[in-house]
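Enquirer: For reference, the structure I am asking about is given below.
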Amino acid sequence: MTKVSIDEIVAKVDELPSLPDIVVRVMELTEDPDSTAFDINEVINRDQNMTAQVLRMANSVYYGYSRRIATVTDAIVLIGFNAVRSIVLAASVSKILKQELSGYVMGEGELWKHSQCAAVFARLLAKKNKYRSVELAYTATLLHDIGKLVLNSYLSDSYQEVLAAVNEENIPFDQAEDNLFGFNHATVGGKVAEKWKLPRDLVEAIACHHNPEQAVENPELTAIVHTADAVTLQMGMGLGVDGLMYPLSQESLDLLGVGEEQLEMLMADIVDIFIDQDVF
Ligand SMILES: [Fe+2]
Ligand SMILES: [Fe+2]
């Protein structure tokens, strides 16, 4: 097996495409208190494909305005700046997240499905908990496994070895990655988020999603991402091999004040949402 260094991985991260201009621009505008729906509308409307995707997602069952949103401006007014920003980001990362990840035994579209399902769950969880930024929870969760895109090519060679470690030593998959590489897909994901100049708490939530106790910047956000990820895997959404032995942190649940009963209610809600394929 070829041993890979973190430097090599960081170089690989640099090869990943940057976030498209339209996403960067929309992110800037939604953070600027002086910008208006008109400004954002103008940026999105320049891209026909993006406009179509924003409308399709805004009209999905999830937002509750089914088939009534006809323009980007309507979408901004009805579902809000931040929700539109999430859609723009999701639409632009969906392409890369849809790739097949043979190293993780995930078929085409599987990581996307898992990420989107977890992100929608995170949004519901954040809403129920009156977390201050529901959209931040969504975005962080959508991107939580982004490091897999980078590690995938290295894992393909040593996959059998990692799997054997998981089975024989009874350890979670990310720990097997740690043993093998000296880092795991969460650490690498943090590097990708840094490269994309995402906010610090978002970087942390991605980097610590398997070890939420390590978060210091924004432990609550990390706990939401972790819980949403673990629950989604429990529900069998985009299982792959990462689903093996993934413990749900009690500390995260305590921090969020979430009990078993509430989790089950959220799981039932999410099943209804995913009947609508437009969410994907
Ligand atoms: Fe993960
Ligand atoms: Fe995950």
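Enquirer: Past 29 Å, Cα to Cα, is the threshold; run Lys12/Lys113; Lys113/Lys191; Lys12/Lys128; Lys95/Lys191; Lys12/Lys130 against it and keep the listed order.
Expert: Cα-Cα > 29 Å for Lys12/Lys128; Lys12/Lys130; rest within.
Enquirer: Between Glu28 and Lys127, with labels modelled 7 Å along Cα→Cβ, what's the label distance in nm to one decimal, could you check?
Expert: 3.2 nm
Enquirer: Between the helical axis of 260-273 and the dominant principal axis of the chain, each derived from Cα atoms, what acute angle in degrees is found, rounded to the nearest 10?
Expert: Helix 260-273 sits at roughly 60 degrees to that axis.
Enquirer: I've got another one for you. Run through the stretch 118-154 and list the trypsin sites (Lys or Arg not before Pro) located in a DSSP loop whose Cβ has at most 13 other Cβ atoms within 10 Å.
Expert: Here the trypsin sites (Lys or Arg not before Pro) that fit, given the DSSP loop and packing criteria, are Lys130, Arg132.
Enquirer: May I ask you to list the GluC sites (Glu not before Pro) in the stretch 15-116 that are in a DSSP loop and have at most 13 other Cβ atoms within 10 Å of their Cβ?
Expert: Of the GluC sites (Glu not before Pro), the ones in loops of the stretch 15-116 whose Cβ has at most 13 other Cβ atoms within 10 Å are Glu108.
Enquirer: What is the Cα radius of gyration of the stretch 122-280 over 2.2 N^0.38 Å, N being its residue count?
Expert: My calculation over the Cα atoms of the stretch 122-280 gives 1.03.
Enquirer: Note the direction-averaged projected area, equal to a quarter of the hull surface, for the Cα convex hull of the chain, in nm².
Expert: Across all orientations, the chain yields a mean hull projection of 14.0 nm².
Enquirer: Which parts of the stretch 38-52 would a label at Val77 reach, counting a residue when its backbone N lies under 13 Å from a point 7 Å out along Cα-to-Cβ?
Expert: Hits in the stretch 38-52 for Val77 at 13 Å: 38.
Enquirer: Further, regarding this structure: Rg over Rh of the stretch 74-159, using C-alpha atoms and the Kirkwood radius, what does it come to?
Expert: Rg/Rh for the stretch 74-159 comes to 1.07.
Enquirer: How would you rank 152-161, 198-207, highest first, on the average number of other Cβ atoms within 10 Å across their residues?
Expert: Packing proxy ranking, top to bottom: 198-207, 152-161.
Enquirer: Please work out the FRET efficiency for the pair Leu163 and Asp254, using the Cβ-Cβ distance as r and a Förster radius of 41 Å; give the result to the nearest 0.05.
Expert: Plugging the Cβ-Cβ distance into 1/(1 + (r/R0)^6) gives 0.80.
Coordinate-derived values only; no laboratory data. Quick caveat, the model's predicted, so the values are computed rather than measured. Cβ sites come from the backbone with ideal geometry, for glycine too, and all protein chains shown count toward neighbours.
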